[in-house]
Structure formats: structure tokens, C-alpha cells
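The values are calculated or read from the model by the stated rules, or taken from the named source; none is laboratory data. All values reported here derive from a predicted model rather than from experimental measurement. Cβ sites come from the backbone with ideal geometry, for glycine too, and all protein chains shown count toward neighbours.
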Amino acid sequence: MAEPIFDAAFTMSAVALAAIFLVAAVSKLFALDRVVADFVGLGLPRSSMLVVLVVAVESVAAAALLLRPRIGAAMAALMLVVFTAVVARALATGRSVSCGCFGPLSQDQLTSATLARNAALLMLAVLAGLREALVWPAMAALITVSLAAVMAAVGVQLLTMNRQLGRIWSVELAGEATLPEEEL
């Protein structure tokens, strides 16, 4: 039973990563000026030319993930390592910009969550690259892996929500007096 589950995990990883890279490439095409501005904000040289190159490589990687998973996964992993290095550098230098990762679909500022997202995508690339060709998984394996992925996504969202709610609850309300620590 383990082999069908692995086939499902590898295939779903390749398909999901291909979809993510394709959405990223297409969304950048619809907002080239905005993405170029984001790349400039990240301190990237020759941002106009770099955006076109990134869109092309993302598109090729998406197709390769479906046709030649090992090659596509290697391309995706290399891009994700470079993207992660750019994000880490921007965070270290205090730049408050969007990464332009998904063009107009992602206008959020860079945070450590961006690094975590890239790490998760890198794990998908590793899984996708473990097979030479995609294997259509059995339905039971597909359901098992899908449920595991959904449970992981829900867990991540719960952790994110907990972190955000913790910040909200820790903020003093307007006019609220702060008690000294010894009175608490």
C-alpha cells in the first residue's frame, strides 16, 4: 500500500507545484509594471529584464514538472533557493516591500512567513523530483494524500491565526490603563 501513496504524493506535488508556478508566471504577465517595481524595491538589478526571465523560467519549469518531473523539480528548486535568498536579504536589510511573487495576487509585505512558504514549496519540489515520470495514483492513495495535505494546511492556518490573534489580544485598547507587573 505504501507505493501507491508515494506515487500519489509525488504526482500531486509535481502537479501542485506546476500550477503554482504557472499562476505565478501568468499573474506577473498581467502586472509587469507592478512586478518590476517590486523587483526594484527588492534591490534587484535590471529588474525589467529579470521579470521577463523569471516569467519564462517559471513557465518552462511548470511544463517540465508535468512532462519531465526531475528536470522541472530541479528548475523549481533552484528558483526557490534564489527567491528565498532574495527574500532573506530583503528582510535582513529591513526592506518593506512585496516580493512580486504572484503579481497583483500578492501585495503582502515580506515576512518570515514568506520564507516558510518558500520552504514548503521547496519540499514540494523535492517530492516532485523523486520520480522520473508522473504516475496516475489509485483513488484510495489520492484521497489519503489529499486528506493529509488538507490537514497540514489547516494546521498551518490555525498556527497563523493563533499568532495573529495573539498580537491582537496583546495590544492595549485605547484608554486602557496598564497595571504594574506586581499588581497582576
Can you name the condition, by its number, that Leu78 falls short on among (1) in a helix (DSSP H, G or I); (2) buried (at least 20 other Cβ atoms within 10 Å of the Cβ)? (2)
For Thr144, work out the one condition from (1) within 12 Å of the chain's Cα centre (by Cα); (2) modelled with pLDDT under 80 it doesn't fulfil. (1)
Pick from Leu53, Leu65: which is crowded, with 18+ Cβ neighbours inside 10 Å, at pLDDT 90 or above and among the aliphatic types (A, V, I, L, M)? Leu65
Answer yes or no as to whether Val86 is closer than 23 Å to Ala120 by Cα, at pLDDT 90 or above, assigned to a helix (DSSP H, G or I) and of a type in the set (Val, Ile, Thr). no
Within the range 30-50, is there a residue that is more than 14 Å from Thr114 (Cβ to Cβ), modelled with pLDDT of 90 or more and crowded, with 16+ Cβ neighbours inside 10 Å? yes
Single match in Ala88, Ala92, Ala9 (criterion: closer than 29 Å to Leu147 by Cβ and out of contact with any strand residue (DSSP E or B) (no Cβ under 6 Å at 6 or more places or on another chain)): Ala9
In the range 28-46, which residues are assigned to a helix (DSSP H, G or I) and over 18 Å from Leu110 (Cα atoms)? Leu29, Leu32, Asp33
Residue among Leu159, Leu134, Leu173, Leu127 that is loosely packed, with under 12 Cβ neighbours inside 10 Å, over 14 Å from the mean Cα position of the chain (by Cα) and at pLDDT 65 or above: Leu159
Let me confirm something: among Leu110, Leu105, which residue is in contact (Cβ under 8 Å) with a residue 24 or more places away in the chain and either crowded, with 16+ Cβ neighbours inside 10 Å or within 13 Å of the chain's Cα centre (by Cα) (or both)? Leu105
Name the single residue, out of those in the range 89-102 being in a loop (DSSP other than H, G, I, E, B) and of a type outside the set (Phe, Trp, Tyr), that is nearest to the chain's Cα centre (by Cα). Cys101
